[in-house]
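Participant: Below is the structure I would like to discuss, written out as structure tokens.
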Amino acid sequence: MSKDTKGITASKEKDFSEWYTQVIQKGELIEYSPVSGCYILRPNAYAIWEKVQAHLNGLLKKDGVKNAYFPLFIPESLLKKEATHVAGFAPEVAWVEKGGHTELGERLAVRPTSETIMYDAYAKWIRSHHDLPLRLNQWCNVVRWEFKHPMPFLRSREFLWQEGHTVFAAKEEAVEEAHRMLGFYEQTLRELYAIPALKGKKSDTEKFAGAEFTLSLEVVLPNGKAVQGCTSHHLGQNFSNAFGITFADEQQKQQYAWQNSWGFSTRTIGLMVMIHGDEKGLVMPPRVAPIQAVIVPIMFDKDEDKIMAQVKAVEKKLMSAGLNVHVDDREGYTPGWKFNEWEVKGVPLRMEIGPKDVEKKQVMVVRRDTGEKQALPVTGIDEEVKLILEQIQAALLKKAEQFLQEHISDVTTMKEAEKALDGNNILFAPWCLDAECEEKCKEKLGAKSLNAPLEQVKMNKKCFVCGKAAKEMFYFGRSY
């Protein structure tokens, strides 16, 4: 961030898109690359992803999932083996047709997702029920080229994620795991990103291509739009039939396996930015913040040594407590300029130490989320700071939960739905589950189905679109 860099000049409320663009650039999360839709993740963004990766890795490994890696390139013949799957991804696939100057004998798809390349191997490895369950995960990049208007993090042509692919002997095991993985994702969103989400099942038209059903977490943004945060798919036996993934059961009869796939991506970083950021820039939840506290010495020549001695003592205490701390002792920058820079970058806690603080053996501490300022004694500073960071984490989640609840509108008619959507809300509506009604909602209101709560109550309601008997309550919303 150069000396002449200004703060955020766009309003989050009035010009959300421009605000977002400025925040991710000035917060040093993203740099644009020469390839449209492909972005450079700067160290601040990648550090967030590393924390998420460590957290999810812990959950998955404890649950018995193992990490592996499969090729980036997928032969066209493999991609075509499951018809519904390839039809769903056809517009998104980037193809390699030459190697150097040589035409390839078969086109290679650049991985949009890895079902086909992985299941070709699974068919070779699985012979008996003793080989099951097989539960693998990989951390990788994928490429999806279908859209015209990419958006950093939310909809990029290349992105990072983890994709789990599991195989079971019994359907019940697979279905149970699909729900459990969604629970891991929900925990990660809430506990790391401080993001609440709508948990549920996708409609048949919105489910993953080739899945029996898709579970998702849908996140509602401050502009009223919804984004699919992550998904967990139960694939049934669709892919095992296509790829010949069979096993001999306990009676030595050949059976087709049951499968799942599930994924969580860097899209979640963009969701965090949009939900928690403010007019000054990023607001980082402490548990994912690359820097949790920044110490800014307020220097005066005659007191410089005393000030830096206290700065170093505080830094040592905080680092010994396991916190990520940075001391900004750069010369040539005013304290005010430094304050602004760290606000833009969203560091949860700013700590100021000047001559008066040295005299009083204290530190002035400023919260990024509220701007609240207080003096803390150097004695016990480590425990106090840890407590404040947890308070910030909890406050961000509470604020986001309140926003979510306030922006869900119960509707029973298309007229009510239009009014609610124009007020930047999402809909909770009775629906007959007819695809024609879903299409009509898209055409008339620009809204699509998001998901349905997993627990449905018996009801006697009419579909908000057609007026026929409703089968489920569903969330609908405008989305990216």
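The values are calculated or read from the model by the stated rules, or taken from the named source; none is laboratory data. If you're wondering where the values come from, they're calculated on a predicted model, not measured in any experiment. In this analysis, Cβ positions are derived from the backbone assuming ideal geometry, glycine residues included, and neighbour counts consider all displayed protein chains.
Participant: Could you figure out which of (1) within 23 Å of ALA121 (Cα to Cα); (2) surrounded by fewer than 18 Cβ atoms within 10 Å (Cβ to Cβ); (3) among the polar types (S, T, N, Q) isn't true of THR205?
Facilitator: Unmet condition: (1).
Participant: Is there a residue in the range 257-265 that is in a loop (DSSP other than H, G, I, E, B), of a type in the set (Gly, Ala, Ser) and either crowded, with 24+ Cβ neighbours inside 10 Å or touching a residue at least 40 places away in the same chain (Cβ under 8 Å) (or both)?
Facilitator: Yes, that holds for at least one residue.
Participant: Now for a separate question. How many of the residues making up the range 51-89 are buried (at least 17 other Cβ atoms within 10 Å of the Cβ), within 21 Å of the chain's Cα centre (by Cα) and not in a helix (DSSP H, G or I)?
Facilitator: 1
Participant: Can you pull out the residues in the range 37-71 that are among the small types (Gly, Ala, Ser) and farther than 25 Å from ILE275 by Cα? First the steps, then the outcome.
Facilitator: Narrowing the range 37-71 to residues among the small types (Gly, Ala, Ser): 37, 45, 47, 54, 58, 64, 68.
Passing the criteria: GLY58, GLY64, ALA68.
For (1) in contact with a helix residue (DSSP H, G or I) (Cβ under 9 Å, 6 or more places away or on another chain); (2) at pLDDT below 95; (3) hydrophobic (A, V, I, L, M, F, W, C), each residue gets a yes or a no:
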position: GLU92; (1), (2), (3): no, yes, no
position: SER114; (1), (2), (3): no, no, no
position: MET118; (1), (2), (3): no, no, yes
position: ALA123; (1), (2), (3): yes, no, yes
position: PRO152; (1), (2), (3): yes, no, no
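Participant: Here's a follow-up. Can THR188 be described as assigned to a strand (DSSP E or B) and either buried (at least 21 other Cβ atoms within 10 Å of the Cβ) or modelled with pLDDT of 95 or more (or both)?
Facilitator: Taking the combined requirement at face value, the residue does not satisfy it.
Participant: Of the residues that make up the range 110-118, is at least one surrounded by fewer than 16 Cβ atoms within 10 Å (Cβ to Cβ) and assigned to a helix (DSSP H, G or I)?
Facilitator: Keep residues of the range 110-118 that are surrounded by fewer than 16 Cβ atoms within 10 Å (Cβ to Cβ), which gives none.
No, the range 110-118 has no match at all.
Participant: Please work out if ILE40 is part of a helix (DSSP H, G or I), more than 29 Å from LEU134 (Cβ to Cβ) and either at pLDDT 95 or above or assigned by TED's automatic domain parsing to the domain that holds GLU343 (or both).
Facilitator: Spelling it out, it is not the case that ILE40 is part of a helix (DSSP H, G or I), more than 29 Å from LEU134 (Cβ to Cβ) and either at pLDDT 95 or above or assigned by TED's automatic domain parsing to the domain that holds GLU343 (or both).
Participant: Run GLY346 past the list (1) at positive phi; (2) without any contact (Cβ under 8 Å) to a residue 60 or more places away in the chain; (3) buried (at least 22 other Cβ atoms within 10 Å of the Cβ); (4) not aliphatic (A, V, I, L, M) and report the number of the one that doesn't hold.
Facilitator: Of (1) at positive phi; (2) without any contact (Cβ under 8 Å) to a residue 60 or more places away in the chain; (3) buried (at least 22 other Cβ atoms within 10 Å of the Cβ); (4) not aliphatic (A, V, I, L, M), only one is false for GLY346: (2).
The rows are residues; the columns are (1) farther than 19 Å from LEU189 by Cβ; (2) without any contact (Cβ under 8 Å) to a residue 40 or more places away in the chain.
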site	(1), (2)
ILE8	yes, no
LYS12	yes, no
GLU18	yes, yes
VAL23	yes, no
GLY27	yes, no
GLU31	yes, yes
GLY37	yes, no
GLU50	no, yes
LEU59	no, no
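Participant: Those residues that are surrounded by fewer than 17 Cβ atoms within 10 Å (Cβ to Cβ), hydrophobic (A, V, I, L, M, F, W, C) and not in a strand (DSSP E or B), I need them from the range 124-162; list them, please.
Facilitator: Hits for the range 124-162 are TRP125, TRP145, PHE147.
Participant: Every residue in the range 420-463 that is of a type in the set (A, V, I, L, M, F, W, C), closer than 30 Å to GLU13 by Cα and either in the same structural domain as LYS207 (by TED's automatic domain parsing) or touching a helix residue (DSSP H, G or I) at 6+ places or on another chain (Cβ under 7 Å) (or both), please.
Facilitator: LEU421, LEU427, ALA429, LEU445, ALA447
Participant: Still on this model: For the range 90-123, name all the residues that are of a type in the set (D, E, K, R) and touching a Cys at 6+ places or on another chain (Cβ under 8 Å).
Facilitator: If the condition is that a residue be of a type in the set (D, E, K, R) and touching a Cys at 6+ places or on another chain (Cβ under 8 Å), then ARG111 is the only one that fits.
Participant: Please state which of the following conditions PHE239 fails to meet, knowing it meets all the rest: (1) under 16 Å from ALA174 (Cβ atoms); (2) in a strand (DSSP E or B).
Facilitator: Going through the list (1) under 16 Å from ALA174 (Cβ atoms); (2) in a strand (DSSP E or B), PHE239 breaks only (2).
Participant: For ILE30, all conditions in the list (1) within 15 Å of ILE269 (Cβ to Cβ); (2) out of contact with any helix residue (DSSP H, G or I) (no Cβ under 8 Å at 6 or more places or on another chain); (3) not hydroxyl-bearing (Ser, Thr, Tyr) hold save one; what is the number of the exception?
Facilitator: (2)
Participant: How many residues are aliphatic (A, V, I, L, M) and either in contact with a Phe, Trp or Tyr (Cβ under 7 Å, 6 or more places away or on another chain) or surrounded by fewer than 17 Cβ atoms within 10 Å (Cβ to Cβ) (or both) when one looks only at the range 309-326?
Facilitator: Residues in the range 309-326 being aliphatic (A, V, I, L, M) and either in contact with a Phe, Trp or Tyr (Cβ under 7 Å, 6 or more places away or on another chain) or surrounded by fewer than 17 Cβ atoms within 10 Å (Cβ to Cβ) (or both): 4 in total.
Participant: Do we have VAL219 as touching a residue at least 24 places away in the same chain (Cβ under 8 Å), assigned to a strand (DSSP E or B) and either under 16 Å from ARG350 (Cβ atoms) or not charged (D, E, K, R) (or both) here?
Facilitator: Details: touching a residue at least 24 places away in the same chain (Cβ under 8 Å): yes; assigned to a strand (DSSP E or B): yes; either under 16 Å from ARG350 (Cβ atoms) or not charged (D, E, K, R) (or both): yes.
In short, yes.
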